[in-house]
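Everything on this sheet refers to the single structure shown next.
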Amino acid sequence: MAVSSILARPAAAVTSPWLLAAVRHRFLLAAAALLLMPALVPFTALATSILVYGLYAVGFNLMFGYLGALSFGHAALFGAGAYGCGIVLASLGWPWWLALAAGTASGFAMAAALGTIAIRARGIYFSMVTLALAQCVYYAFYQAAGVTGGENGLMLPALGRIRVAGLALDGDAPLTRYYIVAAFVILALFALSRILASPFGAALEAVRENEARARASGYDVAATRLLAFALSGAFCGLAGALQALQLSIVPIETLSIDTSGLAVMMCLLGGAGTYFGPFVGAAAFLLLEASVSVWTVHWQLAVGAVFVACVLFFRRGLWGSVVAWVGR
């Protein structure tokens with residue numbers, strides 16, 4: 001299926017005054033929804049996972065939904081963030097907030113390194129190159145057992161008592177941990193909102209719509225693709241670092257091809273090219289997994305059926321379809 005046939009372009013179809021107001025205040029609406037989420041899902045740990053994987057899908061969406069480049073290797077960026085945070089926290093004893101910054105920087109650096117090679121390819125070749133590079137990263141981390149823990153993963157110390165804005169909080173309490181993660185996710189969404197509203201956001205759409213025309217109009221296509229990949233890595237790296245803090249362990253599966261597939265599925269389920277769609281996709285996937293796995297270990301069959309139905313009948317994704325319906 002061609003990427004252009006999947007991508008939703010809600011901005012071009014906005015005619016409803018309600019939708020215009022929602023687009024104008026999308027950051028505030030998204031932040032409010034995330035802050036209320038613990039009251040809407042069955043348990044707090046699941047809500048935290050939705051935040052983490054939603055942010056991971058946001059990073060993927062920047063490449064796929066806004067630039068039109070389908071990556072099969074985003075697990076390398078997610079895993080780089082998780083290990084970057086875990087190593088400085090467990091081995092160097094850095095404070096947790098500096099560890100998050102290290103994880104974000106690791107994701108950015110990994111994406112810049114891989115992107116230097118990958119952006120030279122287009123279409124399915126770009127997808128295959130990112131997949132191959134991610135597999136190389138997986139085996140490099142797997143073999144570096146002295147640093148990464150190899151097959152056993154990397155164990156992290158518990159957060160324990162932490163101080164935030166002068167307040168002493170229990171960092172291991174589920175609700176406290178949720179709102180710590182939510183604070184960083186909301187900051188990331190604010191950054192994404194500013195990126196999309198900037199001239200760089202316009203360059204992303206220009207390259208996605210017609211690369212040759214964008215180049216003829218004066219855009220530096222190669223620099224735009226590389227910067228988009230690096231920024232995508234920063235979002236995914238922060239998501240990986242937040243997952244490391246949430247789980248207190250970084251398993252080697254964080255870098256597996258399955259993790260790359262999760263980003264694709266969650267983004268498509270929610271709606272590629274939409275601001276809030278990745279969180280809807282993450283929520284749909286994880287809620288379905290949590291519900292069906294109670295009854296059968298073969299929960300992947302149900303998730304796969306829903307994914308196929310969504311791709312066939314709701315090509316804009318769940319959230320993208322709602323946006324399109326409201327905008328009529």
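The values are calculated or read from the model by the stated rules, or taken from the named source; none is laboratory data. Just so it is clear, the model here is predicted, and its values are computed rather than measured. Cβ: placed from backbone, ideal geometry, glycine included. Neighbour counts: every protein chain shown. All accessible areas refer to the heavy atoms of the entire protein, side chains included, with ligands and DNA or RNA removed. Shrake-Rupley method; radii C 1.70, N 1.55, O 1.52, S 1.80 Å.
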- Message: Just want to confirm a number: the relative contact order over the chain, from Cα pairs under 8 angstrom separated by 6+ residues, in percent.
- Response: 33
- Note on the structure: For 25, 298, the accessible-area ranking with a 1.4 Å probe, largest leading, is 298, 25
- On average, how much accessible surface per residue is there in the chain, in Å², for a 1.4 Å probe, leaving out ligands, DNA and RNA? 45
- Message: Taking θ = phi - 60°, what integer Hz values does the Karplus form 6.51 cos²θ - 1.76 cosθ + 1.60 yield along the range 278-287, in sequence order, with x for Gly and Pro?
- Response: x, 6, 5, x, 5, 5, 4, 5, 6, 5
- Query: So what J values fall out for the range 114-120 if you push phi through Karplus, 6.51 cos²θ - 1.76 cosθ + 1.60 with θ = phi - 60°, rounded to Hz, Gly and Pro as x?
  - Reply: 5, x, 4, 8, 5, 5, 6
- Task: Mind checking which of 77, 22, 121 is farthest towards the positive end of the chain's charge dipole, using Cβ charges of +1 (Lys, Arg) and -1 (Asp, Glu) about the Cα centre?
- Result: 22
- Query: With θ set to phi - 60° and the Karplus curve 6.51 cos²θ - 1.76 cosθ + 1.60, what are the ³J(HN,Hα) couplings of the range 52-59 in order, to the nearest whole Hz, using x for Gly and Pro?
  - Reply: 5, 6, x, 5, 4, 5, 4, x
- Item | the chain, helix-only ellipticity at 222 nm - DSSP H runs n ≥ 4, -39,500 (n - 2.57), divided by all residues, nearest 500 | -23000 deg cm²/dmol
- Long-range amide H partners of residue 154 with built H, under 5 Å: 250
- Got a number for the accessible area of residue 296? Probe 1.4 Å, square angstrom, nearest 10. 50
- For the range 46-200, calculate the relative contact order in percent as a whole number, restricting contacts to Cα pairs under 8 Å that are 6 or more residues apart. 24
- Note on the structure: Residues whose modelled amide H sits under 5 Å from the amide H of residue 172, counting only those 5 or more places away in sequence or on another chain, are 160
